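Read the figures in this text as sums done on the coordinates, not as results from a lab. Every value quoted in this text rests on a predicted model; they were computed, and no experiment measured them. As a convention, Cβ positions derive from the backbone with ideal geometry for all residues, glycine included, and neighbour counts pool all protein chains shown.
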């Protein structure tokens with residue numbers, strides 16, 4: 001497979017993962033936040049700031065996926081921003097746990113998974129030389 005075909009296929013896969021992951025994140029987060037008592041009980045000891053972050057970031061995941069699919073530099077910028085934001089929220093979750101706050105082990109597993117996905121996508125895009133846009137206002 002040529003490098004160009006690999007890059008095109010890789011971008012399609014990365015975009016599909018980002019969009020699909022975004023949709024699933026919005027649906028699952030929306031159910032946990034707005035699904036009523038049964039859905040909230042199923043969420044267990046969720047950490048509200050993590051739950052809200054994950055729900056809202058799902059929309060940004062899908063937007064980043066669209067940018068990746070369109071080969072826009074801002075798709076790479078969003079991917080890096082998402083990776084950094086997830087790592088930051090993960091660190092805040094660690095602080096919450098350290099201070100004795102309640103949590104679900106699946107929340108930690110989900111944050112590891114999210115961070116891995118977005119770090120991987122950001123690295124992949126950088127290796128393809130799809131760099132973060134320097135001036136988003138220019139419409140790049």
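Assorted remarks:
- Within a Gaussian network of the chain (alpha carbon springs, distance under 10 Å), most fluctuating of 106, 12, 114: 106
- Angle between the chain longest axis and helix 48-69 axis [Cα atoms, degrees, rounded to 10]: 20 degrees
- Taking only the C-alpha atoms of segment 17-81, Rg followed by Dmax gives 13.5, 42 Å.
- Burial ordering of 25, 88, fewest other beta-carbon atoms within 10 Å first: 88, 25
- Alpha-carbon spread of the chain, three principal axes, descending order, Å: 49, 34, 28
- Of 123, 117, the sequence from fewest to most neighbouring Cβ atoms within 10 angstrom is 123, 117.
- Fewest-first ranking of 76, 116, 46, using other Cβ atoms within 10 Å as the exposure measure: 116, 46, 76
- Cα centroid separation, segment 37-55 to segment 95-115 (Å): 12 Å
- Computed from Cα positions, the angle between helix 73-98 and the longest principal axis of the chain comes to roughly 20 degrees.
- Most mobile of 15, 42, 64 in a GNM of the chain (Cα contacts under 10 Å): 42
- Helix 3-34 axis, angle to the chain major axis (alpha carbon atoms, nearest 10°): 20 degrees
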